[in-house]
1. For the condition touching a helix residue (DSSP H, G or I) at 6+ places or on another chain (Cβ under 7 Å), surrounded by 20 or more Cβ atoms within 10 Å (Cβ to Cβ), modelled with pLDDT of 95 or more and farther than 27 Å from residue 89 by Cβ, what is the one hit in 226, 212?
2. Give the range 173-231 a look and list any residue that's closer than 20 Å to residue 290 by Cβ and in a strand (DSSP E or B), or say none.
3. Hey, can you tell me all the residues within the range 238-253 that are in contact with a strand residue (DSSP E or B) (Cβ under 8 Å, 6 or more places away or on another chain) and under 27 Å from residue 499 (Cβ atoms)?
4. Does the range 244-253 hold any residues that are assigned to a loop (DSSP other than H, G, I, E, B) and surrounded by fewer than 24 Cβ atoms within 10 Å (Cβ to Cβ), and which are they?
5. Filtering the range 451-495 down to residues that are closer than 30 Å to residue 385 by Cβ and out of contact with any helix residue (DSSP H, G or I) (no Cβ under 7 Å at 6 or more places or on another chain), which residue is surrounded by the fewest Cβ atoms within 10 Å (Cβ to Cβ)?
6. Could you tell me whether residue 561 is buried (at least 19 other Cβ atoms within 10 Å of the Cβ) and either in contact (Cβ under 8 Å) with a residue 24 or more places away in the chain or touching a helix residue (DSSP H, G or I) at 6+ places or on another chain (Cβ under 7 Å) (or both)?
7. When the range 253-274 is examined, which residues are found to be more than 19 Å from residue 94 (Cα to Cα) and touching a helix residue (DSSP H, G or I) at 6+ places or on another chain (Cβ under 8 Å)?
């Protein structure tokens, strides 16, 4: 559909923080903190062990060492690091330091020192002996394994989600509609395939880091690179055993998060030191710590059973997921649900039955967490690759097969909580992408000579816009003395541009330039409550809070203006950035209202609003990849990647395009480059950016993104989300292209050159 005409919405406005970043101004955590104790963490070399003894005496005697803390010094109250709305769906399974260490890298001791040199020297002087236990390193054998990752009795969950630490279960989930077995038995073609995706790392520019100190009132003040200021406050309250009222959390600019900073990875350690010493403390994770002790994507095994008729009609889908949460359970249950609920509904049009079951298990590996795509990435790789295999089996063009089976606007989706697609341009995305990519010409395999072939593949995706019925967005909009506005938010801009996008919405509602909006956030003392920036929620959920707040503010401004004009507020309207008395044509400027609001006035020149949505309207996307594969080396070069996205009405097209391009690059990295391997003892080999290969501009070919607008009636200005969906299509599209070039389906990510060289067609 054609987008409505707006003045600020739909315009590619420059990001609010762009100049500070480009000019190298101090905007990150490290830039703005003062002198502080250096906090370093002694980490376990074993995947599963009990600390038999620990001697910190020599470390404590070193010059510059303030103190060393062990499991004996911390509260024995378990908590969750997951940044989720209370009550969290993640188990309370952590201590600040636990005598029982559960993965290579788990914390054994905290060192607080005057200098980094002293802290590092202290780490080497701590003598630890371990009772080494057998680890659980294969997540396929973790459930009901006699070796328990969490044998403790004070493990607990706030929600009954099937978790059982005595079975190594973080949680379970299941959903179904219709009789899958009966439908499969009557299908002409049944495919049963199993896929495996690894624990990919976010590898954001800025590693985990947190600064803490006691403010002038004796409260714990936390400045951290985080997506979840309000959740961090609760997590620290639980971990430290102090009231939330004694904690203030704020975030400066964030050098990338991608979901990793939805987990409170670093915050508790300097906070603990500050509460023990009364002194400022700073904890900065090294790149190695971020890679091996951070919060990567969940490793998963996904089985897909698909039934179809020879005419291409997909009639049944069953998805069975096993997710590896690692040593702790944060985000495990929440993530796994999306593997089914965000993949099966794509084929709603012809589906007669579906079944989705999932288990999340503990292992003695690095704990996993949130990552852009949040389970949908893994699930859609599996389902979309199976659909592409179906197309090849039946000899049907995979584009036409999807057009025959895809969800369309107005359809109810039983596999997506029964939600109805009020806005869906997936069919137009497919047609647009087909034309843009020149699918008919590129889909046939082209032999380029010298052992090189060119081939193409396709994938489609859906995601969500916030967590329905849970996520809360809030804002405050207030009139400044000079007639401009201040927008206070609790959402966290982590490079996504949400500060700018929300300011554009205020500007549109209040009929003013975007430059007239100053944005402040996120700070638990000053910002209204917001769940945080995750689950693609900010534009959709917090954006609706902006709409509510602006409408209320207009009413307040009209009431103040009525006092100035000596009339009834009902006679006035807010138009073109001023208040107009329709009968007389008299106007009151914002400056006049601002002055009046400060003298003999009982009406606030500001408004706050909160929004939560009972639905989570999905954005949609189609991606097509053209590759050149060298059959002699197995090297895959991505030549072109075209995509079309339906995110409703893009509030800022330039930022939306950048989000899409960045997600596609990450998806290419997951598919072809980023590998996580472990030694037999459970140690991660890829502990630096020298060994964990990220995609560069040379690896991603030509990326082109365009949009097909729909209009979501429950979203601000018809908008939906875009942050997560954009990472989901590269894996199935590139995997499809590799099959076209080699005749081999690869069902494990990443697909490395050696995998291609050694693979043989299935018999």
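1. The unique qualifying residue is 212.
2. Once the filter is applied, which keeps residues that are closer than 20 Å to residue 290 by Cβ and in a strand (DSSP E or B), the range 173-231 yields 209, 210, 211, 212, 222, 223, 224.
3. Result: 247, 248, 249, 250, 251, 252.
4. 252, 253
5. 451
6. For residue 561, the condition - buried (at least 19 other Cβ atoms within 10 Å of the Cβ) and either in contact (Cβ under 8 Å) with a residue 24 or more places away in the chain or touching a helix residue (DSSP H, G or I) at 6+ places or on another chain (Cβ under 7 Å) (or both) - is met.
7. Correct list: 253, 254, 258.
For every residue, the table says whether it meets (1) in a helix (DSSP H, G or I); (2) closer than 18 Å to residue 460 by Cα; (3) touching a residue at least 24 places away in the same chain (Cβ under 8 Å); (4) touching a strand residue (DSSP E or B) at 6+ places or on another chain (Cβ under 7 Å).
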{"residue": "321", "(1), (2), (3), (4)": "no, no, yes, yes"}
{"residue": "328", "(1), (2), (3), (4)": "no, no, yes, yes"}
{"residue": "339", "(1), (2), (3), (4)": "yes, yes, yes, yes"}
{"residue": "360", "(1), (2), (3), (4)": "no, no, yes, yes"}
{"residue": "364", "(1), (2), (3), (4)": "no, no, yes, no"}
{"residue": "381", "(1), (2), (3), (4)": "yes, yes, yes, yes"}
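The values are calculated or read from the model by the stated rules, or taken from the named source; none is laboratory data. Quick caveat, the model's predicted, so the values are computed rather than measured. Quick reminder, even Gly has a Cβ in these numbers, built from the backbone with ideal geometry, and neighbours come from all protein chains shown.
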